[in-house]
Amino acid sequence: MRTSPLIRAAIQIAGLFVVLDHLQAQTSAAGAKVWIGRYAEFEEFIRTASIDRFEETKVGVTRPKHAFFAPGGLAAGGTVKVLPPRRQGGYFESYKSEIAAYKIDRLLQLDMVPPTVERRVGDDLASIQLWVEGTRTIKEVQRLKEHAPDPASWNRQVYRQRIFDNLVANIDDNAGNLLIDGAWNIIKVDHSRSFATDKMPFELTRIDRELYQRLQTLDEAAVTREVADLIDGDAVGGLMKRRAEIVRKFQSLITKNGEARVLIP
């Protein structure tokens, strides 16, 4: 029995839609952390790449700008913040805190904060952070009532995010500053108000073993080496004080509840 040309064409078109749907699903599930393992390369690129134009962003009280790099480079754009260290609107703000948060993220090997460096933009010194493509805010995800396909992996990330925010005293963490990529990775942006207080915004309940070990071995010399030119000595001391408090908290929880209920494999 021969198939008519119209039927054959319909079958081919249907098959094409199946392929396109499959490719779209693969793309939407792709992770956006393209900088992992290429930190120095991305840092150098966003520090020196030619900027074609800027656009104002509609989020955040500090009004960061979206810089668009010349086409064909390693990345499409970056987030620029011109925030000289000072107190304004009741909060201490600094573009240098953005860079320091990235440095601490690297020390702990979290890969949650995108590459962030200092750069002169026009007449101003500013922070420029890799603009991460293919993400949504947690606020958007919550509005759509979507849920992570792997709850265990998601919860591990959430615990890490909360611990990091306590460590750097990120008092401005909100649903607009947490991004989610297609693979349900958490990406953290906006740390300009960090390091300026001893407040720790989150209650701590669980931690993965890997991060727990890194926190225990994080020493002041390493922190000072990385961020001494970005935050002052009092801020470094405050961070180390919070680190010690976080470690003590988990030691107490382990003693009280046992490792199995506190430490995530």
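Things to note:
- Screening Leu263 with (1) touching a Lys or Arg at 6+ places or on another chain (Cβ under 8 Å); (2) within 15 Å of Ala100 (Cα to Cα) gives one miss only, at (2).
- Pair list, Cβ < 8 Å and 6+ apart or interchain, from the range 182-195 residues that are in contact (Cβ under 8 Å) with a residue 12 or more places away in the chain to residues that are of a type in the set (Lys, Arg) and assigned to a strand (DSSP E or B): Ser192/Lys81
This table checks each residue for (1) in a helix (DSSP H, G or I); (2) closer than 21 Å to Pro115 by Cα; (3) outside the structural domain of Arg87 (by TED's automatic domain parsing); (4) at pLDDT 95 or above.
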residue: Val158; (1), (2), (3), (4): yes, yes, yes, yes
residue: Arg162; (1), (2), (3), (4): yes, yes, yes, yes
residue: Leu167; (1), (2), (3), (4): yes, yes, yes, yes
residue: Asn174; (1), (2), (3), (4): no, yes, yes, no
residue: Ala183; (1), (2), (3), (4): no, yes, yes, yes
residue: Ser194; (1), (2), (3), (4): no, yes, yes, yes
residue: Thr205; (1), (2), (3), (4): no, no, yes, yes
residue: Gln213; (1), (2), (3), (4): yes, no, yes, yes
residue: Ala221; (1), (2), (3), (4): yes, no, yes, yes
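- Of everything in the range 47-63 that is modelled with pLDDT under 95 and not aliphatic (A, V, I, L, M), the residue that is nearest to Asp232 (Cα to Cα) is Thr62.
- A single member of Ala221, Ala175 is touching a residue at least 12 places away in the same chain (Cβ under 8 Å) and either among the aromatic types (Phe, Trp, Tyr) or surrounded by fewer than 13 Cβ atoms within 10 Å (Cβ to Cβ) (or both), and it is Ala175.
- Taken together, the criteria place Ile246 among residues that are under 19 Å from Asn166 (Cα atoms) and either assigned to a helix (DSSP H, G or I) or not assigned by TED's automatic domain parsing to the domain that holds Arg193 (or both).
- Inter-residue pairs, beta-carbon under 6 Å, first hydroxyl-bearing (Ser, Thr, Tyr) and in the range 124-143, second assigned to a loop (DSSP other than H, G, I, E, B), 6+ apart: Thr135/Ala32; Thr137/Gly176
- Listed by first and then second residue, the pairs with beta-carbon distance under 9 Å, at least 6 apart or on different chains, first residue in the range 229-256 and under 12 Å from Ile207 (Cβ atoms), second of a type outside the set (Phe, Trp, Tyr) and loosely packed, with under 14 Cβ neighbours inside 10 Å, are Leu253/Thr205; Leu253/Arg261; Ile254/Arg261.
The values are calculated or read from the model by the stated rules, or taken from the named source; none is laboratory data. On a predicted model such as this, the values are computed, not experimentally measured, just so you know. Virtual Cβ from ideal backbone geometry, glycine too; neighbours counted across all protein chains shown.
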